[in-house]
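Computed from the coordinates by the stated procedures, all read-outs in this text should not be read as laboratory data. For clarity, every value in this text was computed on a predicted model and none was experimentally measured. For neighbour counting, all protein chains shown are included, and Cβ atoms are generated from backbone atoms with ideal geometry for every residue, glycine included.
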Amino acid sequence: MADLKPIVEMKGVKKSFPGVQALSGVDFRLFEGEIHAIMGQNGAGKSTLIKILTGVYKADGGSIVYCGTQCRFRTPLEAQKKGISTVYQEVNLCPNLSVAENIFIGREPRRFGMIDWNKINSESEKLLKRLNVSIDVTKLLSSYSVAIQQMVAIARVLCISSRVLILDEPTSSLDEQEVNELFEVLNKLKSEGMAILFVTHFLDQVYRITDRITVFRNGTFVGEYLTKDLPRVELIFKMVGKDISAMSAMPQKCLENVSDNKEIDSLLEIKGMKKHGSMNEFSLDVQKGEVLGFAGLLGSGRTETARLIFGIDKPDQGECLVKNELKNISSPSDAIELGLAFCPEDRKTEGIIDELSVRENIILALQGSLGIMKYLPRKKQDKIADEYIKALGIKTADAECEVRTLSGGNQQKVLLARWLATKPSLLILDEPTRGIDVGAKFEIQEFVMSHCKEGMSIIFISSELEEVIRVSSRVAVFRDRQKISELSGNDLKEEKIMHTIAGGQ
Amino acid sequence: MAGLKLKNIMGKIAGFFTAASRSGLLWPVIFFGLILLVNALINPGFFDIEIKDGRLSGSLIDIMNRSSYIILLAIGMTFVVATAGIDISVGAVVAISAAVSAYLIGGTLVVENGVQQYVSFMPMPVAIIAALLIATALGMWNGLLISRMGLQPIIATLILMVAGRGIAQLITSGQIITIYYKPFFFIGGGYLFGIPFSIYIVAAVLAVVMFLKKRTALGLFIQSVGINKTATRFAGINSSNIILWVYAFSGFCAGIVGLLVCSNNKSADGNNAGYNMELDAILAVVLGGTSLAGGKFYIMGSVIGGLIIQSLTTTIFSIKEIKPEANLVVKAVIVFVVCLIQSESFRKKVAGVIFLREKKSL
């Protein structure tokens, strides 16, 4: 394959944003009939490279050769017309339109000035067939599963002249079966000679489907490898740039810590709480210095429980005891006053205030608990912000950068800093590692363990069982808006939890 | 050597511009300066300020005095807009505040032995406080509808905008109440140390607001609510209360303007007091650089925005070549251009076109 000419060849591509060098001269090659993964931590420059290739950003330097000619796309539309099709991470479809309308939105074929519905429907069916999907294209998009919607998104960008397909995190919201279906389609397209660029955080998938891997770290090019020649451990090593043995030693640390703290009193106790339509009756307790994991599928009631505890939703009934005292938590500010903190699942809409600076985002909850009049002096604010930027290794030019300019993992760290600044006794983390690369994931897990060692309690919610088990001393299992079981000790195994979720106790 | 000096000066100027653009004041200040410059060219005596009867007089003083209504409303409106809201009821609240104060002071002309006696129905402080309280309460009504009932700001305040004029007319029994109580005239028409009293009122409100913005977390919370209400609530800040008080403050500002209008006109007209003022106030806020989408806000920008609108009006009137019937159109065109130039995406587009042309010619 090395003798073939690549369809895309980028050399020495440079791009900087105010205060950050996102790419400092990286190379990238993509061949026809291959599936290629770009790997790297958050902020490594994967998205930036894709955006330069597809014409969203303009490169500061370097060359791009596409189909043998030097070119530089000015707009995504231009790139698409030339045959580079991209499906971005956030699927931008309209659930209230039909499948066919979604596929042809903005480029409807016309006949005598009117939209040619017959053609739209038949063409849509044809396009989907190519992806092994045969469905009624006149039905609303929302009536189909996320997997089908993902296929529709791909069908929308594919046209006959497409030669390159770029998929940014296509599998993050798919289940196992759906991933298999997607991969079948990708393999089919590959056999037709399509060049596919695949970005994901799931290592398993990279090894299952890709032929070649390019690794970036901190905006620099680390190397290009054939997937079969690169063992996983080495890949992680190249992405992270540090030794992995320190990371695998972590679980033990956590368990030791729990056995030390067993005798200490309960920090939070919930008795018979429920809310109609959101969560069936449940009870739970959290000890001081312990990590309680929440496991369960999406929509099983994990997040709903966290929202009830934190006073975002009001329960119909139930008692809440904080340090053995009956308390009434009817709003987040009540909860914060009692030493609770909550990092929500949806970072973008419920977490960060994107146009405010890193500093303002960090001090927000602390200032909220102080009230309007006791405004933290600017010097104090700077000190707090700098302290946490350093402690959590937040990658930002300075504390005055708008938080939206940071990468996902760093935004998550800003949120952690916001809550740590309030010195909470119980921190609820809802999917703190979603959409974050391996390195940042380890950092956040490490952070969880080190803080519970210092006496902070943590409720850790995650879809990744392996991660929940790694950090938690006890795991509450949820299914269908019900807390069905609590596992600890020797029962804390992935298999056991899965059986419990499946109902085969 | 001379080159180095020039470089230094250029650097300083560039530094000033970056600082000004970061504070959001660059464009408003440039436009205000341009308008003043045009005036100075047309009317050489424009910047002259003389003392007549112990009072400062001149075009600049006049513009400042006349713009006090817009500026006060714009200050209140800035906070509302920063929370991603809008308050189109302020004009009606001005009318109500004017009606309340006129009603409480009373519209009777009392003449004893051929000398006019200044008699008020209620003591003047009572009338003033009542008018301000009612205006604030009306603002809170808006705030309650928006923060507690979840109404869209434009709908909630539209209700009061329509109903408010009716309320004002009910208070004045459909009449225009004329006031004969002289001490009351001082608020809107009086002079203190040679400067119109209304300018002091604007300065006082501005000082309080700037103090709150600098020394309390109010600014942070308001911006945060405007950018992301949900996330702000999750961070333990009572978003609803902030929204409530922001509208209450806007009502309060409208209350002050009602007093100024009533005092200056020596009468309260439920139909016309504060008519269309909400639009000028919103325009001042936008000219000042605050986005209607909420978030970052610029109090001083709104103040300059108010000055721009007033000086523009004055300028258009003073140019003889513009026929009176064309005034509104000319004003609209200028405002349109100003808004375009202030829009960052428009500037980028223009810059892009010019840049491309340069490239092609190379």
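Per-residue Cβ neighbour counts within 10 Å put A:S330, B:S263, B:S59 in the sequence A:S330, B:S59, B:S263, beginning with the fewest. Largest GNM mean-square fluctuation across B:G190, B:G164, B:G143, computed for chain B with C-alpha springs under 10 Å, falls on B:G190. Here is the list for the stretch A:84-128: trypsin sites (Lys or Arg not before Pro) lying in DSSP coil, each with at most 13 other C-beta atoms within 10 angstrom of its C-beta, are A:R107.
The charge dipole of the protein assembly as shown, taken about its Cα centre with unit charges on the Cβ of Lys, Arg, Asp and Glu (plus for the first two, minus for the last two), comes to roughly 2520 debye.
Listed by chain and number, the aspartates and glutamates whose alpha-carbon sits under 14 Å from that of A:K288, ignoring those within fewer than 8 places in the same chain, are A:D260, A:E263, A:D265, A:E269, A:E454. Note on chain B: with a GNM built from Cα contacts shorter than 10 Å, the maximum mean-square fluctuation among B:A231, B:A351, B:A284 falls on B:A351.
If both residues of a DSSP beta bridge must be in chain A, then about 55% of such bridges are antiparallel. Normalised size of the stretch A:310-452, defined as Cα radius of gyration per 2.2 N^0.38 Å with N residues, equals 1.06. One quarter of the convex hull surface built on the alpha carbon atoms of chain A amounts to 26.5 nm², the projected area averaged over directions. Of A:S143, A:V87, A:L426, which is farthest on the positive side of the dipole of chain A, counting Cα position, with +1 on Lys and Arg Cβ, -1 on Asp and Glu Cβ, and the Cα centre as origin? Farthest towards the positive pole: A:V87. With the cut-off at 32 Å, tell me which of the pairs A:K51/A:K188; A:K275/B:K214; A:K374/B:K296 have Cα atoms farther apart than that. From A:K51/A:K188; A:K275/B:K214; A:K374/B:K296, over 32 Å: A:K275/B:K214. Ignoring aspartates and glutamates fewer than eight residues from A:K496 along the same chain, the ones with Cα atoms less than 16 angstrom from its Cα are A:E464, A:E466, A:E467, A:E486. Rounded to the nearest 20, the Cβ-based charge dipole of the stretch A:8-241 about its Cα centre (Lys and Arg +1, Asp and Glu -1) stands at 860 debye. When each of the peptides B:34-43, B:154-163 is scored by how many other beta carbons lie within 10 Å of its residues on average, the order from highest to lowest is B:154-163, B:34-43. Restricting the calculation to Cα atoms, the stretch A:127-229 yields a radius of gyration followed by a Dmax of 14.8, 47 Å. For B:F79, neighbours were defined as the other residues whose beta-carbon sits under 14 Å from its Cβ, and their charges (Lys and Arg +1, Asp and Glu -1) total +1. Separation of the alpha carbons by more than 29 angstrom is noted, of A:K453/B:K229; A:K82/A:K228; A:K11/A:K228; A:K441/B:K349; A:K15/A:K238; A:K14/A:K423, for A:K453/B:K229; A:K82/A:K228; A:K441/B:K349; A:K14/A:K423. From the alpha carbon centroid of the stretch B:202-258 to that of the stretch B:156-196 is 26 Å.
The mean of 1/r over all pairs of different alpha-carbon atoms in chain B, once inverted, gives a Kirkwood hydrodynamic radius of 22.2 Å. Which of the lysines could be linked to B:K266 by a straight reach, that is with a Cα gap under 19 Å, when you skip same-chain ones fewer than 8 residues away? Reachable lysines: B:K182. Using a cutoff of 8 angstrom between alpha carbon atoms and counting only pairs six or more residues apart, the relative contact order for chain B works out to 30 percent. Listing A:H499, A:H36, A:H201 from fewest to most neighbouring C-beta atoms within 10 Å gives A:H499, A:H201, A:H36.
Coupling constants for the stretch A:202-212 follow from the phi torsions by the Karplus curve (6.51 cos²θ - 1.76 cosθ + 1.60, θ = phi - 60°), and in residue order they are 8, 4, 3, 5, 4, 6, 6, 10, 8, 9, 8 Hz; glycine and proline get x.
Note on the stretch A:119-176 and the stretch A:21-52: Cα centroid distance 24 Å, given to the nearest whole angstrom. Here the calculated FRET efficiency for B:M149 and B:N327, from their Cβ-Cβ distance with R0 = 51 Å, stands at 0.80, rounded to the nearest 0.05.
Assuming charge only on the beta carbon of Lys and Arg (+1) and of Asp and Glu (-1), the dipole of the stretch B:119-260 about its Cα centre is about 320 debye to the nearest 20. Overall, the anisotropy analysis places the stretch A:349-423 in the prolate class: the square-rooted eigenvalues a ≥ b ≥ c of its C-alpha gyration tensor yield a/c not less than 1.5, with a/b exceeding b/c. Dividing the summed -39500 (n - 2.57) terms of all DSSP H runs of n ≥ 4 by the residue count of chain B sets its mean residue ellipticity at 222 nm at -23500 deg cm²/dmol.
This ranking places B:S224, A:S47 by how few other beta-carbon atoms lie within 10 Å of each, fewest first, which gives A:S47, B:S224. Average projection, convex hull of the Cα set of the protein assembly as shown: 48.6 square nanometres.
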